[in-house]
Structures are given as C-alpha cells and as structure tokens.
1. Sort out which residues of the stretch 165-213 are over 19 Å from S152 (Cα atoms) and of a type in the set (G, A, S), and write them in order of number.
2. Within the stretch 111-133, track down each residue that is more than 21 Å from R9 (Cβ to Cβ), open to solvent by 50 Å² or more (accessible area, probe 1.4 Å) and touching a strand residue (DSSP E or B) at 6+ places or on another chain (Cβ under 7 Å).
3. List, please: which pairs have Cβ atoms under 8 Å, are six or more places apart or on different chains, and start with a residue in the stretch 4-16 that is at pLDDT below 95 and end with one that is open to solvent by less than 20 Å² (accessible area, probe 1.4 Å) and assigned to a strand (DSSP E or B)?
4. Would you mind telling me which numbered condition in (1) open to solvent by 50 Å² or more (accessible area, probe 1.4 Å); (2) part of a helix (DSSP H, G or I); (3) closer than 29 Å to M208 by Cα; (4) among the acidic types (D, E) E51 fails?
5. State the number of residues belonging to the stretch 65-96 that are of a type outside the set (V, I, T), in a loop (DSSP other than H, G, I, E, B) and open to solvent by 70 Å² or more (accessible area, probe 1.4 Å).
6. Among residues belonging to the stretch 159-200 that are assigned to a helix (DSSP H, G or I) and among the charged types (D, E, K, R), point out the one that is surrounded by the fewest Cβ atoms within 10 Å (Cβ to Cβ).
7. Which pairs turn up if I take residues in the stretch 161-182 that are in contact (Cβ under 8 Å) with a residue 40 or more places away in the chain and look for partners that are part of a helix (DSSP H, G or I) and of a type in the set (D, E, K, R) with beta carbon separation below 7 Å, at least 6 apart in sequence or on another chain?
8. In this structure, does A50 turn out to be free of Cβ contacts under 8 Å to residues at least 60 places away in the same chain and either within 13 Å of the chain's Cα centre (by Cα) or more than 23 Å from I135 (Cα to Cα) (or both)?
Amino acid sequence: MTDGAGSIRVLVVDDHPIVRSGIVALLESADGIEVAGEAADGLTAVERAAELRPDVVLMDLRLPGLGGEQATARIIERDPGIRVLVLTTYETDENILESIEAGASGYLLKAAPEEEILAGVRSVAAGETVLAPSIATKLVERMRSAPASRPSLSARELQVLTQVAAGRSNPEIGRALFIGEATVKTHLQHIFEKLEVSDRTRAVTKAMELRLL
C-alpha cells in the first residue's frame, strides 16, 4: 500500500484536535512518512481506513462512540493488511491486552520521545511488533504470574474451546462433537466463568496466555 516513492501512509486517529495536529506535524516532518488522513472518533477511523487503505493507523484508545480497541478490530477484520499502532496515555493491563487481542501490532505511550514514535511507525509498517518498555514489562509479568492461577478445564471444555479457536460456530461445534447446541452453550458458559471472560475471542486468547491451548 506504500506509494511509488515508498512513503509509509499513516491515518492519525485522536479525538483531541491539538494533540492530533501535533502528531500530524511530527509525522509530516519525518522522511518517508506521509499523513494519509485523520479521524476524531472510532467509527470515522474505520470508514477512513476502508477508504484510504493506509499502511499504518496510529490509534488512540479513548475515543467518543466506538473505542480504539473496537475500531482496531473492525479495521483489521476488513483489511488484515493494515497495521495498527496504538498511541495512548493509558497503560492498564486491560487496555494493553484488549488492544493486542484486537490485532494491534504495537502499543506506545504519548509521553514517548518523538524519535521512538517515528521508529515505531516504521517498524510496524515493516511488519514488526513494537511495545513501549513499560508495556513489555507488564506483559512479561502477567505471563509469569499466569501459571500460578491457571484454571482447570475439563476434557470436553477443552474440545469445545479448541473448536471455537478454529472459528467454528455453536452449531458446527455441536455437529463436530456430536452434542446439542444447548450443550455447547452450557460448556461455553462454564469456560467463560472459569477463565473469567465474557466472550469467545477473549476465552481463546486467555486460554492461549495460560497455555491451555
């Protein structure tokens, strides 16, 4: 998606006009980077990404309407070739995990030095993963603590979850395992409770974090 000159085309998403203009100015001052467009909310970001097909979306998380994590998921679902780099002031465990699970290729903080942000854009465009040092530390700590609190899933629950991970619907899982759809839903509810999650995607990613899958 880069142009003939090889520039990295970036869509800047931030709801604060002054912050957004500062990010735009930073990107435009850099060699090999071009601002393809801007968006001030999640829905507009999804629409602009589909229209402009940028190489990288620089995504804030706290946006009016559709949040940054949800916007990231929709953008990547529509076009897996677009890379999303989160640039935010927030670094809670939940923010980090939700962004990565949504498909973000990187997570940087707005307080980072300008050169680090520019290097992040270039790295993500090149297919690499970029994490701020504090974010990487949080993820490592979470992974280290995960085994101690690893829940136990039954053999049947693991079978159901494996089918979910393969992208199969409840009816398809029922047919594959020779059980009723209502039974599938019951197993999923038990899985959600044990893993302390509320949806299928988070169940799969949590199970992978805990090395259950």
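1. Scanning the stretch 165-213 gives A166, G167, S169, G174, A176, G180, A182.
2. First, pick out the residues of the stretch 111-133 that are more than 21 Å from R9 (Cβ to Cβ): 111-113, 131-133.
Keeping just the survivors that are open to solvent by 50 Å² or more (accessible area, probe 1.4 Å) gives 111, 113, 131, 133.
Listed by number, the list holds a single entry, L131.
3. Close Cβ pairs (under 8 Å, with a partner that is open to solvent by less than 20 Å² (accessible area, probe 1.4 Å) and assigned to a strand (DSSP E or B)) amount to S7/I33.
4. (3)
5. 3
6. Pass one, the stretch 159-200, residues assigned to a helix (DSSP H, G or I): 159-165, 170-177, 181-195, 200.
From what's left, among the charged types (D, E, K, R): 172, 175, 181, 185, 193-194, 200.
Details: E172: 14, R175: 14, E181: 14, K185: 14, E193: 11, K194: 17, R200: 17.
Going through the qualifying residues, I end up with E193.
7. These pairs meet every condition: V164/R200.
8. In short, yes.
The values are calculated or read from the model by the stated rules, or taken from the named source; none is laboratory data. No experiment lies behind these values; they were computed from the predicted model shown. Quick reminder, even Gly has a Cβ in these numbers, built from the backbone with ideal geometry, and neighbours come from all protein chains shown. The accessibility values were calculated without ligands, DNA or RNA, using every heavy atom of the protein model including side chains. Shrake-Rupley method; radii C 1.70, N 1.55, O 1.52, S 1.80 Å.
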